[in-house]
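Take a look at the structure below.
The values are calculated or read from the model by the stated rules, or taken from the named source; none is laboratory data. All values reported here derive from a predicted model rather than from experimental measurement. Using ideal geometry, Cβ is built from the backbone for each residue, glycine included, and neighbour counts are taken over all protein chains shown. Side chains are part of the model used for accessible areas, which takes the heavy atoms of the whole protein and leaves out ligands, DNA and RNA. Shrake-Rupley method; radii C 1.70, N 1.55, O 1.52, S 1.80 Å.
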Amino acid sequence: SGIQFLESLQNKPKIIVTTAYDEYAVKGYEHDVSDFLLKPFALDRFIKAVDRVYNELHSSRSTHDNGFIFIKVENRIIRVELDKILYIEGMKDYLKIVTADKNHMTLQSFSGILELLPTNRFSRVHNSYIVSIDKIESIEKSRIKIKDEVIKISESYREKFFQELKDQKILK
């Protein structure tokens with residue numbers, strides 16, 4: 001059965017169980033399935049289940065927090081402590097990671113670095129900036145102040161940024 005197959009897996013993928021037998025629901029949730037659809041189900045309910053899985057996989061970015069990341073700088077791979085990162089600035093093909101101690105230039109994309117950063121600690125606020133949320137000193141209109149730097153919140157990231165702060169119960 002599908003449940004037996006699920007039990008045999010070492011690394012479980014995201015699963016949506018579809019069945020005509022509701023007694024499989026408990027078994028499915030014991031195996032941490034993403035959703036359970038009892039047949040017959042409507043197309044809109046199926047789409048909602050798929051959207052949930054898609055959002056879990058794509059919009060959550062990194063939820064783990066090791067306290068550090070590794071980045072490539074010239075011919076070396078260096079460790080950067082997350083607590084020291086103030087903000088990240090895009091500079092053409094490079095990213096400048098500004099820390100409390102020094103700046104690091106790395107040839108990496110915004111999407112690549114965002115996959116490494118925990119979502120509850122970092123937020124993209126502009127096409128050219130990612131900020132460390134706990135390093136924000138003030139927010140005035142569409143500007144964030146971190147140390148001596150004033151970073152503009154672009155219109156396209158504004159709503160998402162403020163929603164993240166509300167979701168984390170940092171802002172009402």
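Filter the stretch 115-172 down to residues that are hydroxyl-bearing (Ser, Thr, Tyr), under 19 Å from Ile71 (Cβ atoms) and not in a strand (DSSP E or B), then give me how many there are.
So the count comes out to 2.
Based on this model, can you work out whether Lys27 counts as touching a residue at least 12 places away in the same chain (Cβ under 8 Å), over 25 Å from Thr119 (Cβ atoms) and either open to solvent by 80 Å² or more (accessible area, probe 1.4 Å) or among the small types (Gly, Ala, Ser) (or both)?
For Lys27, the condition - touching a residue at least 12 places away in the same chain (Cβ under 8 Å), over 25 Å from Thr119 (Cβ atoms) and either open to solvent by 80 Å² or more (accessible area, probe 1.4 Å) or among the small types (Gly, Ala, Ser) (or both) - is met.
Residue under question is Asp83, and the condition is that it be of a type in the set (Asp, Glu) and either in contact with a strand residue (DSSP E or B) (Cβ under 8 Å, 6 or more places away or on another chain) or modelled with pLDDT of 90 or more (or both); does it hold?
Considered against the rule, which asks whether it is of a type in the set (Asp, Glu) and either in contact with a strand residue (DSSP E or B) (Cβ under 8 Å, 6 or more places away or on another chain) or modelled with pLDDT of 90 or more (or both), Asp83 comes out as yes.
Go through the stretch 74-93 and give me each residue that's part of a strand (DSSP E or B) and not aromatic (Phe, Trp, Tyr).
Arg76, Ile77, Ile78, Arg79, Val80, Glu81, Ile85, Leu86, Ile88, Glu89, Gly90, Met91
Identify, from the list Asn127, Asn103, Asn120, the residue that is in contact (Cβ under 8 Å) with a residue 40 or more places away in the chain and not acidic (Asp, Glu).
Matching residue, one of Asn127, Asn103, Asn120: Asn120.
Between a first residue in the stretch 33-47 that is under 26 Å from Glu7 (Cβ atoms) and a second residue that is of a type in the set (Gly, Ala, Ser) and open to solvent by less than 80 Å² (accessible area, probe 1.4 Å), which pairs have beta carbons less than 7 Å apart while being 6 or more apart in sequence or on different chains?
Asp35/Ala49; Phe36/Ala25; Phe36/Gly28; Leu37/Ala49; Lys39/Ala20
Give me the residue from the stretch 108-151 that is under 21 Å from the mean Cα position of the chain (by Cα) and open to solvent by 80 Å² or more (accessible area, probe 1.4 Å) and, out of that set, farthest from Gln168 (Cα to Cα).
Here the residue is Asn127.
Checking Ile69 against (1) crowded, with 17+ Cβ neighbours inside 10 Å; (2) free of Cβ contacts under 8 Å to residues at least 40 places away in the same chain, only one condition comes out false. Which one?
It is condition (2) that Ile69 fails.
Go through the stretch 30-53 and report how many residues are exposed (fewer than 13 other Cβ atoms within 10 Å of the Cβ) and either modelled with pLDDT under 80 or among the acidic types (Asp, Glu) (or both).
Qualifying residue count for the region: 4.
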